[in-house]
1. Quick check on ALA191: is it in a loop (DSSP other than H, G, I, E, B) and over 23 Å from the mean Cα position of the chain (by Cα)?
2. Would you check which residues across the stretch 50-74 are closer than 10 Å to ILE130 by Cβ and among the aliphatic types (A, V, I, L, M) and list them?
3. I'd like the full set of residues that are assigned to a helix (DSSP H, G or I) and either over 20 Å from VAL187 (Cα atoms) or touching a His at 6+ places or on another chain (Cβ under 8 Å) (or both), limited to the stretch 367-383.
4. Name the single residue that is farthest from LEU234 (Cα to Cα) among those in the stretch 27-54 being small (Gly, Ala, Ser) and open to solvent by less than 30 Å² (accessible area, probe 1.4 Å).
5. ARG103 fails exactly one of the following numbered conditions: (1) over 20 Å from LEU412 (Cα atoms); (2) at pLDDT below 95. What is the number of that condition?
6. Specify which of the listed residues (VAL20, VAL14, VAL33) is without any contact (Cβ under 8 Å) to a residue 40 or more places away in the chain and β-branched (Val, Ile, Thr).
7. Could you list, in sequence order, the residues of the stretch 220-238 that are without any contact (Cβ under 8 Å) to a residue 24 or more places away in the chain and within 13 Å of ALA172 (Cβ to Cβ)?
8. Search the stretch 262-276 for residues being closer than 17 Å to PRO323 by Cα and not hydrophobic (A, V, I, L, M, F, W, C), and hand back the single one that is modelled with the lowest pLDDT.
Amino acid sequence: MFLRSPLGLGLVGVWLFALVTRFWGLTRFNTLVFDEIYFARFGRNYLAGLPFFDAHPPLGKYLIALGIYLSGHFDPWGYRWLNAFTGALIPLLVAGLAACLWRKPLFIFLAAFLTSLDGLLLVESRYALINMYLLFFGLVGQILWLWACGQRGRQRWIGLVGAGLALGCCVAVKWSGLGYVLGLYGVWGIAKICGWVWGYGQRWGQHLQAWGNWSFWQMGLVFPISMAGIYSLLWWPHLRLNPGVGFFQIQQQLYNYHKSISSTAHPYCSAWFTWPLGLRPMSYFYLTVDQLTPNLGNPPLFGPMSPRNATAWVYDVHAQFNPVLLWLSTLSVLILLLGLGVWIWERWQWDQTRPIQFSGSAQHQVTRQLTPAVALFVVMNYGANLLPWVQVGRCLFIYHYLPAAIFSFLGLAALLTQAGIQSDIRWRGVAVLAIALVIGGFIFWLPIFLGLPLTPLEFSWRMWFRSWI
């Protein structure tokens, strides 16, 4: 039975850890935090039948409204709990995506475990924001598509349509969900081209042939119609609440709104090329409370306490990736891209039946046991969720990197898995050290992820760069 296997028990442990970190002290700050001033109120407006304009499609706010409705109250618990629960599922969905790519238990577990140790995913899960719903539907859509690639008959069609519906829901949360769609089309297109040029062969594994087996009318008609259909349908409650505004009219309004936003409209704006290094995180909440004054905004009185001689406590919620995880994950994408490029060059030079050995550099030795198809999927989806932002002139924020970061976590898990199964004990040591550093980074920066009390000195210890403040 799966749940009794080491992998099953490990994933249950990761899920419980994710639940605890997301729900513990969920109502600590009894105030609207960051974009809760919009999204939580928009959710309440749906329940109250009040018309309003929002800069994003409506599905995320529908779900916030559902959480408020089920809880029965418009309070921090009511508008946050469903997002926290959804956020706790993200590591399991990343594990599901990993299982579709490479059925190595260690890889599947590490993909979930590393994801659960990220700070920005944790912060975004604990407030009434909508990025968790974007990731949820995007990952579900990709998992269904990958699952359908290995099916036949009715199940294959159900998987394809289901993937289209899930990705349509993803875009109905934010238009940036199109990155997940673009990634799948990129993988499918490259799989087709590779099949025509080289044939699939054993070095690609079974993945590439399965990905390329979709016909043009399946991926060009059935898949996009499924997405467009659910996307259009999900607008109906919002349009009914705002009479006089048509479907195409409101799409134009959203486009004009985002186009009109200045590139420097917010002090925490950050350029897309700074995201892989986490150079400009954001402060979602900041409060300094003097010990001699009454508690303001009901800040927490538990967690790491300040020394008795401290003059003030700092409560800061920093929307920041776990820096160690982020930097190692960015490096992993570069290594996978390099290994994939070398493989393609060797494939181009040599006959496809000749065994190909990755030799030479240390990077090649680590990636040599990865099938190129897995590296291709990670790199392609990473690029599809990052590179479109190059052309966007509006103010951007670090959380826009979340969809791409998920694939960098997958890439790191893949490389650590390969290092962990090497016969050379030095590579195993590298894997253990990297995991220990990620865990250490999570623990060290946890107070600013959860908004725990810190002295000004303790807070400054965690601000390694001026751009982080």
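1. Taking the combined requirement at face value, the residue does not satisfy it.
2. LEU59, LEU63, ILE64
3. So the first thing to find is which residues in the stretch 367-383 are assigned to a helix (DSSP H, G or I), and the list is 367, 372-383.
Scanning the stretch 367-383 gives ALA373, VAL374, PHE377.
4. So the residue we want is ALA40.
5. The one condition ARG103 does not meet is (1).
6. Selected residue: VAL20, the only one of VAL20, VAL14, VAL33 that is without any contact (Cβ under 8 Å) to a residue 40 or more places away in the chain and β-branched (Val, Ile, Thr).
7. Taking the stretch 220-238 as the starting set, the residues that turn out to be without any contact (Cβ under 8 Å) to a residue 24 or more places away in the chain are 220-221, 232-233, 236.
Listed by number, the residues that qualify are SER232, LEU233, TRP236.
8. Keep residues of the stretch 262-276 that are closer than 17 Å to PRO323 by Cα, which gives 270, 272-276.
Next, from what is left, pick out any that are not hydrophobic (A, V, I, L, M, F, W, C): 270, 274, 276.
Values: SER270: 92, THR274: 96, PRO276: 97.
Result: SER270.
The values are calculated or read from the model by the stated rules, or taken from the named source; none is laboratory data. The structure presented is a predicted model; accordingly, all values stated were derived computationally and were not measured. Don't worry about glycine lacking a Cβ; one is built from the backbone with ideal geometry, like all the others, and counts go over all protein chains shown. Heads up: the accessible areas ignore ligands, DNA and RNA and are worked out on the full protein's heavy atoms, side chains in. Shrake-Rupley method; radii C 1.70, N 1.55, O 1.52, S 1.80 Å.
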